[in-house]
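Here the structure is laid out as structure tokens; the discussion comes afterwards.
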Amino acid sequence: RDSLHKRRATGGRKKHWRKKKKYEMGRQPANTKLSTNVAVRRVRVRGGNHKFRALRLDHGTFSWGSEAVSRKVRILDVVYNASNNELVRTQTLVKNAIVQVDAAP
């Protein structure tokens, strides 16, 4: 997003020429787990607004292309993750993870 975290065209790192500002702050990943006791934490962000960080979830909104419908359904299991097998073993919900959902929403 900004040149502070980018590398040079040669691949080398750039020297720090000033300290990091609060608006450039990054945060730790949520690593949302599949669990029945739902936990969603509120995080204060820029402008005094709030984002919601999901720590543990058991539901999600999924769409069926064949049925042309979207429903909030229960997530049963994390089946496959192309990026990391550790995420499957720890039942971590991330984008592009293959999950098994309840057939009857």
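Just to verify a result, which residue in segment 54-77, among those that are within 14 Å of the chain's Cα centre (by Cα) and hydrophobic (A, V, I, L, M, F, W, C), is surrounded by the fewest Cβ atoms within 10 Å (Cβ to Cβ)? Lay out the reasoning, then the answer.
In the first step, residues of segment 54-77 are kept if they are within 14 Å of the chain's Cα centre (by Cα); the result is 54-57, 60.
Now restrict to residues that are hydrophobic (A, V, I, L, M, F, W, C): 54-55, 57.
Numbers: 54: 15, 55: 13, 57: 17.
By that ranking, first place goes to 55.
Quick check on my filter: what residues within segment 48-105 are of a type in the set (D, E, K, R) and over 22 Å from residue 27 (Cβ atoms)?
Initially, segment 48-105 is screened for residues of a type in the set (D, E, K, R), giving 51, 53, 56, 58, 67, 71-72, 74, 77, 86, 89, 95, 102.
Within segment 48-105, 58, 67, 71, 72, 74, 77, 89, 102 meet the criteria.
Take residue 70 and tell me if it is part of a strand (DSSP E or B) and either closer than 16 Å to residue 32 by Cβ or in contact with a strand residue (DSSP E or B) (Cβ under 9 Å, 6 or more places away or on another chain) (or both).
Taking the combined requirement at face value, the residue satisfies it.
Within segment 61-76, is there a residue that is under 30 Å from residue 6 (Cα atoms) and either touching a residue at least 12 places away in the same chain (Cβ under 8 Å) or polar (S, T, N, Q) (or both)? Before you say what the answer is, go through the steps one by one.
Of all residues in segment 61-76, those under 30 Å from residue 6 (Cα atoms) come to none.
Among the residues of segment 61-76, not one is under 30 Å from residue 6 (Cα atoms) and either touching a residue at least 12 places away in the same chain (Cβ under 8 Å) or polar (S, T, N, Q) (or both), which makes the answer no.
Out of 30, 9, 82, report the one residue that is in contact (Cβ under 8 Å) with a residue 24 or more places away in the chain and assigned to a loop (DSSP other than H, G, I, E, B).
Working: 9 fails: in contact (Cβ under 8 Å) with a residue 24 or more places away in the chain; 82 fails: in contact (Cβ under 8 Å) with a residue 24 or more places away in the chain.
Result: 30 is the single residue among 30, 9, 82 that is in contact (Cβ under 8 Å) with a residue 24 or more places away in the chain and assigned to a loop (DSSP other than H, G, I, E, B).
What number of residues within segment 85-101 satisfy the criterion of being without any contact (Cβ under 8 Å) to a residue 60 or more places away in the chain, of a type in the set (Val, Ile, Thr) and outside any strand (DSSP E or B)?
Qualifying residue count for the region: 2.
What number goes with the only condition from (1) over 29 Å from residue 87 (Cβ atoms); (2) surrounded by fewer than 10 Cβ atoms within 10 Å (Cβ to Cβ) that residue 14 does not pass?
For residue 14, the failing item is (2).
Could you say whether any residue in segment 87-94 is hydroxyl-bearing (Ser, Thr, Tyr) and modelled with pLDDT of 95 or more?
Residues of segment 87-94 that are hydroxyl-bearing (Ser, Thr, Tyr), as a first pass: 90, 92.
The next check asks that each one be modelled with pLDDT of 95 or more; those that pass are 90, 92.
Yes: segment 87-94 contains one or more residues that are hydroxyl-bearing (Ser, Thr, Tyr) and modelled with pLDDT of 95 or more.
Residue-wise test of (1) of a type in the set (Gly, Ala, Ser); (2) not in a loop (DSSP other than H, G, I, E, B).
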position: 2; (1), (2): no, no
position: 23; (1), (2): no, yes
position: 36; (1), (2): no, no
position: 41; (1), (2): no, yes
position: 54; (1), (2): yes, yes
position: 63; (1), (2): yes, yes
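Of all residues in segment 17-37, how many are surrounded by 10 or more Cβ atoms within 10 Å (Cβ to Cβ) and either in contact with a Pro (Cβ under 7 Å, 6 or more places away or on another chain) or under 30 Å from residue 89 (Cα atoms) (or both)? Before you say what the answer is, go through the steps one by one.
Initially, segment 17-37 is screened for residues surrounded by 10 or more Cβ atoms within 10 Å (Cβ to Cβ), giving 20, 24, 30-35.
Applying the additional criterion that residues be either in contact with a Pro (Cβ under 7 Å, 6 or more places away or on another chain) or under 30 Å from residue 89 (Cα atoms) (or both) yields 30-35.
The qualifying residues number 6.
The values are calculated or read from the model by the stated rules, or taken from the named source; none is laboratory data. Just so we're clear, the structure is a prediction, and the values are computed from it rather than from any experiment. Methodologically, a virtual Cβ is constructed for each residue, glycine included, from the backbone with ideal geometry; neighbour enumeration extends over all protein chains shown.
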